[in-house]
Amino acid sequence: MSAPLVEAVIDLAALDANLAHLQHAVAPAELMVVVKADAYGHGRVPVARQAVTSGIRSIGALDLDTALELRASGIGAEVSVLAWLYPPGQDFTEAIAAGIDLAVSSLGELQAIEDAARRLDGTAGFAAPRLHLKLDTGLHRNGATAAEWPALVAAAVAAEGAGLVRTHAVWSHIAEASDDEDTLALERLLAGVEVARGLGATVAVRHLAASSAGLRREDVRLDLVRMGGHCWGIPSFDGVTPADIGLTPVMTLRARLIGTRPGPDGTTLGFVSAGYGDGVPRNTAGTCTVAIRGAQHPVLAVERDHLVIALASAARVGEVAVLFGTGAEGEQTVRQWGDLSGTLGDEITTRIAARVPRRYVAAQ
Amino acid sequence: MSAPFREVEIDLDALAANVARFAELTEGAPLFVEVGADAWGHGLAVVVPALAGLGAQAFVVARADEARAVRALAPEQLVVTTQHAPDDDFAWAGEADAVPMVRSIDEFRRAAEAGVQGVVLAEDTGEGLPGLSAEDLAAVMAEADARGIPAMLDSAFPVVGAELFGVSEFGDAAPEFEPVLRLWAPLAALKRVGAGEGVSYGYTYRTAAETTLALVTLGYGDGVSRVAGNVVRASIDGVARTIAGRVAMDAFMLDLGDEAPALGTPVTVLGDARRGEPTAHEHAEALGTHGAEITTRLTARPRRAGKGGRA
């Protein structure tokens, strides 16, 4: 069987080990695995299934399409699935029927959830949806402002009284601009929790931190930490390798050497079967390398369907070229690719194109 | 889901206009279209049937998987593949009814042994991917003739690529060709904040005065580059503004001042300058690349939807 021209190998054993490490690191807080944007390109359904097998009981989906797909793929009620970003006019009927936890940022969203719950109330199996009330603690994306917060909480408590929703959690996104700003966000969230409890809301879970702050700062972990990048072994803060923080990269991008040609001044050019049409950024040219047989070869150009590399040592046409991975075959990690090309490893894996087949290596 | 969340709208009338312009420029050359990499990000499922309806005679893609996808959408047209593993046995080519482009005698023989219905011969150009030397070309043509396999030279097979979709690897395709794709999302949230407030991750943008911030549900998870924040523009009702702060995975922000558009108002990130929208070419110039990379590296997350064209 010939090796594919290009493939993203997803190591579920590495994912399992990362999740075990991260669960331990954030304990007693719970770890939520965030599988938005197709689990940052790793494949939302296989990743979510592995997470459940690895003992995870909270999954962050971002949108309802993803949340409903996870439920349809067999992720059951013992696992909470949270959605928090909706288009205007979202209909929540299906989400409530599927037992999705719903974040609420505004009175408009709450109203739409109540409307859907009212339609379902009294039908067989109706359970009022659990709400994660969202406070804006400085990022200014969604989330109620401090001024809007009491009215939002009061409306949620009233809807709870009518049996339409269940207040459950209070949360926010953290800006990760500086430690001081993050401390301020924590103070604002805790103040918001007090206000919510004072108004009669249940706040069983408070959550704020994601990968970066969640690993670095005990004080922001609260009851639950949401993580994406670290689960896939991509460090989200500077100056560390994945191994430094106990993680293994989960995705390895592999292609083939499909041709060579003499280059200028006695050099040899190599052609590798992955290009920007596969999601490889064009600005990896002149910055990143590809490994063949343990040696790194600089990327010279990125075309749509292939890369041009400077072959630094002998290599035979047909050999496997590793673009990024764990480093075990001499290649750079995706974190290095991100640093060298001016972005995050998260963006690199997320934008690996749908035409690149994913191959899953099972955890033992 | 009822409401669209994030969408790549494909303007089939603009595509038809580009096909007409191509015919005019080439004085009626046959329409052979390069649709690899999901038709430069435009979406095979929308684009291939439309192009077939507009008279396309051949579709060119890179790999076998793509050939199968195109074949399922275009039963009649020629489908050509350009990239094969050095040990490919071409067993898939019959099922996909595809014609491989071959670059060596060995590759030709593997394809011939698999019983392909034809081959395209890639001549060596002295640069880029190696092709057949003049000597090898003559040998392959003789062998193809002896085996009864139709062979055509790639130079006799002119293919139009990204330009047909209004983008290019070589500068601006406009005004010759119109942008076909519009990446947009409905305005998802509005928020009034004071002066000096940080916006999005890292607070790389701060508000100058009391203002309205808008949340737009497009991010690098959709293929809008993270570094596009504070650099490229997005438009509402034909008025373009620079994205405020970093582009996150799922959203970016706009600083609207005292404007107050309704929730759900479309915000366009890539579109047509004639409608006051930023274009892929404009984004590319700001980010140091070309427009073809901008559309091609859009992810599968925003749904592709055709608009206009023949009903």
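Only one residue in A:340, A:307 is of a type outside the set (Lys, Arg), in contact with a Cys (Cβ under 6 Å, 6 or more places away or on another chain) and within 14 Å of chain B (Cβ to nearest Cβ). Which one?
Of the residues listed, the single one that is of a type outside the set (Lys, Arg), in contact with a Cys (Cβ under 6 Å, 6 or more places away or on another chain) and within 14 Å of chain B (Cβ to nearest Cβ) is A:340.
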Quiz item: Looking at region A:252-291, which of its residues are among the basic types (Lys, Arg), within 9 Å of another protein chain (Cβ to nearest Cβ) and more than 22 Å from residue B:169 (Cβ to Cβ)?
Solution: A:256
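Can you tell me how many residues in region A:88-99 are in a loop (DSSP other than H, G, I, E, B) and crowded, with 22+ Cβ neighbours inside 10 Å?
Keep residues of region A:88-99 that are in a loop (DSSP other than H, G, I, E, B), which gives A:88-92, A:98-99.
Checking which are crowded, with 22+ Cβ neighbours inside 10 Å leaves us with A:90, A:92.
Result for region A:88-99: 2.
Here are some residues: B:295, B:268, B:289. Which one is in contact with a Gly (Cβ under 8 Å, 6 or more places away or on another chain), β-branched (Val, Ile, Thr) and either outside any helix (DSSP H, G or I) or surrounded by 18 or more Cβ atoms within 10 Å (Cβ to Cβ) (or both)? Break it down stepwise before answering.
Numbers: B:268 fails: in contact with a Gly (Cβ under 8 Å, 6 or more places away or on another chain); B:289 fails: in contact with a Gly (Cβ under 8 Å, 6 or more places away or on another chain).
Going through B:295, B:268, B:289 in turn, just one is in contact with a Gly (Cβ under 8 Å, 6 or more places away or on another chain), β-branched (Val, Ile, Thr) and either outside any helix (DSSP H, G or I) or surrounded by 18 or more Cβ atoms within 10 Å (Cβ to Cβ) (or both): B:295.
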Exercise. Pick out the one residue from A:45, A:81 that is under 16 Å from the mean Cα position of the chain (by Cα) and under 20 Å from residue A:172 (Cβ atoms).
Key: A:81
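Restricting region A:295-329 to residues that are of a type in the set (Gly, Ala, Ser) and at pLDDT 95 or above, which is surrounded by the most Cβ atoms within 10 Å (Cβ to Cβ)? Don't jump to the end; show me each part of the working.
Kept after step one, since they are of a type in the set (Gly, Ala, Ser), are these residues of region A:295-329: A:295, A:301, A:310, A:312-315, A:318, A:321, A:325, A:327-328.
Keeping just the survivors that are at pLDDT 95 or above gives A:295, A:301, A:310, A:318, A:321, A:325, A:327-328.
Values: A:295: 16, A:301: 16, A:310: 15, A:318: 14, A:321: 26, A:325: 24, A:327: 18, A:328: 12.
Ranking the candidates gives A:321 first.
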Quiz item: Looking at A:39, A:17, which is the one that is within 14 Å of chain B (Cβ to nearest Cβ) and in contact (Cβ under 8 Å) with a residue 60 or more places away in the chain?
Solution: A:39
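Confirm whether residue A:178 is over 18 Å from residue B:197 (Cβ atoms), free of Cβ contacts under 8 Å to residues at least 40 places away in the same chain, within 23 Å of the chain's Cα centre (by Cα) and within 14 Å of chain B (Cβ to nearest Cβ). Show your work before the answer.
Values: over 18 Å from residue B:197 (Cβ atoms): no; free of Cβ contacts under 8 Å to residues at least 40 places away in the same chain: yes; within 23 Å of the chain's Cα centre (by Cα): yes; within 14 Å of chain B (Cβ to nearest Cβ): yes.
Judged against the criteria, residue A:178 is not a match.
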Self-check item: residue A:112 more than 25 Å from the chain's Cα centre (by Cα), more than 14 Å from every other protein chain (Cβ to nearest Cβ) and modelled with pLDDT of 95 or more
Solution: no
Self-check item: Residue check for residue B:116: surrounded by 19 or more Cβ atoms within 10 Å (Cβ to Cβ), away from chain A (no Cβ under 14 Å), in a loop (DSSP other than H, G, I, E, B) and aliphatic (A, V, I, L, M)
Solution: yes
Quiz item: Which one of the conditions (1) more than 8 Å from every other protein chain (Cβ to nearest Cβ); (2) closer than 20 Å to residue A:260 by Cα; (3) out of contact with any Lys or Arg (no Cβ under 8 Å at 6 or more places or on another chain); (4) buried (at least 16 other Cβ atoms within 10 Å of the Cβ) does residue A:348 fail to meet, given that it meets all the rest?
Solution: (2)
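The values are calculated or read from the model by the stated rules, or taken from the named source; none is laboratory data. On a predicted model such as this, the values are computed, not experimentally measured, just so you know. When we count neighbours, we look across all protein chains shown, and the Cβ atoms used for this are built from the backbone with ideal geometry, even at glycine.
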